[in-house]
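Here the structure is laid out as structure tokens; the discussion comes afterwards.
The values are calculated or read from the model by the stated rules, or taken from the named source; none is laboratory data. Since we're looking at a predicted model, the values are computed, not measured. Cβ sites come from the backbone with ideal geometry, for glycine too, and all protein chains shown count toward neighbours. Note: accessible area is taken over every heavy atom of the protein model, side chains too, but ligands, DNA and RNA are not part of it. Shrake-Rupley method; radii C 1.70, N 1.55, O 1.52, S 1.80 Å.
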Amino acid sequence: MSIVELSGGVGGARMARGLAALEDVDLTVIVNVGDDAANHGLAISPDLDTVVYTLAGLEGPQGWGRREDTFALNEELARFGVDNTFKLGDRDLALKLYRTQAMAGGIALSAVTEAVARSFGIESTVVPATDDPLRTMVRIAEGWVTFQEYFVTRQHHDEVLELRFDGAGSARPAPGVVERIQDAHLVIIAPSNPPLSIWPILAIDDIREAVAAHPAVIAVSPLIGGKTIKGPADRVMTTLGLSPGNRGVAEAYEGLIDGLVIDTSDRDDVAFLDDIEIIVTDILIKEPEAGVRLAALLVGR
């Protein structure tokens, strides 16, 4: 069975882990690159690396970064007055160095990602939404800032007033992305932050059109009890004018999804979501076994 997942952040990586564990599933994970940035001269792709490390069973305790990594280099940067707010672990640094060198040599991000995934023994296809520059910009009270300044430097405390996705108008889908969506039996939108993690993928017209035309698209809500376990998704959706709770999640994907998976704690939301299929189940997938259970439910529905 061919499955495509649109993924961003820790929630997307954990959903991918559950899907990859199923037998007879050909999984393609299309990953957000709106968070990508340059840091210390290195090409940083946080969501791609989170998916790779999670599928390899090497993710850090918070769901991101590399497990049991050390931070000697990051700490040493402070000696020279360098801003080391964005922490790069020593093992994680090797991946960043490889990516930076390869891309400087003209190799596309998708090809670099394929090589990285293969080096970690990952059988699923992990691909960036685009090889072209696409950056999420966030408008806060002080003006426009990059995603990393909003999320890491400012710890996502600011109210998000507006988003824009620089480069989306000219960005082309990475090779094979549209074809994978078209050929998939099922497209799953991960329990990621809809505006910050999934909208950058959908900002690429050809990808959005392929998802909209697909007959079976299911989104998994990032909310439990109307709130996120971690991250600002619930606050961001509200300040961007979306309705509270899962109604806002459905609005974020209006015209794109055929079904929405919500948590048992939010079962009362069913009364407000009568135009799409609603699946009510436990959607907390921090542990691998829970992710497999949810993945099996979606694939077998």
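Taking the stretch 230-247 only, how many residues are assigned to a helix (DSSP H, G or I), out of contact with any Leu (no Cβ under 8 Å at 6 or more places or on another chain) and of a type outside the set (A, V, I, L, M, F, W, C)? Break it down into steps so the answer makes sense when it comes.
Restricting attention to the stretch 230-247, the residues satisfying the condition of being assigned to a helix (DSSP H, G or I) are 233-239, 245-247.
Retained after the next criterion (residues that are out of contact with any Leu (no Cβ under 8 Å at 6 or more places or on another chain)): 235, 237-238.
Remaining after also requiring of a type outside the set (A, V, I, L, M, F, W, C): 235, 238.
Here the count works out to 2.
Can you confirm whether ALA250 is in a helix (DSSP H, G or I), of a type in the set (Gly, Ala, Ser), surrounded by fewer than 22 Cβ atoms within 10 Å (Cβ to Cβ) and in contact (Cβ under 8 Å) with a residue 24 or more places away in the chain?
No.
Residue-wise test of (1) within 20 Å of the chain's Cα centre (by Cα); (2) of a type outside the set (Ser, Thr, Tyr); (3) modelled with pLDDT of 95 or more; (4) crowded, with 22+ Cβ neighbours inside 10 Å.
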site: LEU223; (1), (2), (3), (4): yes, yes, yes, yes
site: LEU256; (1), (2), (3), (4): yes, yes, yes, no
site: SER265; (1), (2), (3), (4): no, no, yes, no
site: PHE272; (1), (2), (3), (4): no, yes, no, no
site: THR281; (1), (2), (3), (4): no, no, yes, no
site: GLY291; (1), (2), (3), (4): yes, yes, yes, yes
site: LEU297; (1), (2), (3), (4): no, yes, yes, no
- line: Residue count, the stretch 118-165, condition at pLDDT 95 or above, open to solvent by 20 Å² or more (accessible area, probe 1.4 Å), under 14 Å from ASP35 (Cα atoms) and hydrophobic (A, V, I, L, M, F, W, C), comes to 3
Strands (runs of 3 or more DSSP E) contained entirely in the stretch 1-84, each with at least 1 residues that are of a type in the set (Asp, Glu) and surrounded by 18 or more Cβ atoms within 10 Å (Cβ to Cβ): 2-7
query: Given ILE229, ILE207, ILE218, ILE224, which one is in contact with a Ser or Thr (Cβ under 9 Å, 6 or more places away or on another chain), within 17 Å of GLY12 (Cα to Cα) and not polar (S, T, N, Q)?
result: ILE224
message: Cβ-Cβ distance below 7 Å, separation of 6 or more or different chains: which pairs start in the stretch 131-143 with a residue that is more than 17 Å from ILE107 (Cα to Cα) and end on one that is buried (at least 22 other Cβ atoms within 10 Å of the Cβ) and of a type in the set (Ser, Thr, Tyr)?
response: VAL138/TYR150; ILE140/TYR150
message: Quick check on the stretch 201-215. Is at least one of its residues in contact (Cβ under 8 Å) with a residue 40 or more places away in the chain, part of a loop (DSSP other than H, G, I, E, B), farther than 30 Å from HIS157 by Cα and in contact with a strand residue (DSSP E or B) (Cβ under 9 Å, 6 or more places away or on another chain)?
response: no
query: Has the stretch 168-177 got at least one residue that is at pLDDT 95 or above, closer than 19 Å to ASP49 by Cβ, open to solvent by less than 60 Å² (accessible area, probe 1.4 Å) and of a type outside the set (Phe, Trp, Tyr)?
result: yes
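I'd like to verify a number: residues in the stretch 235-252 that are closer than 16 Å to ILE188 by Cβ and in contact with a helix residue (DSSP H, G or I) (Cβ under 7 Å, 6 or more places away or on another chain), how many?
So the first thing to find is which residues in the stretch 235-252 are closer than 16 Å to ILE188 by Cβ, and the list is 249-250, 252.
This time we only want the ones that are in contact with a helix residue (DSSP H, G or I) (Cβ under 7 Å, 6 or more places away or on another chain), so: 249, 252.
Adding up the residues that qualify gives 2.
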query: Regarding ILE229, is this residue at negative phi and buried (at least 16 other Cβ atoms within 10 Å of the Cβ)?
result: no
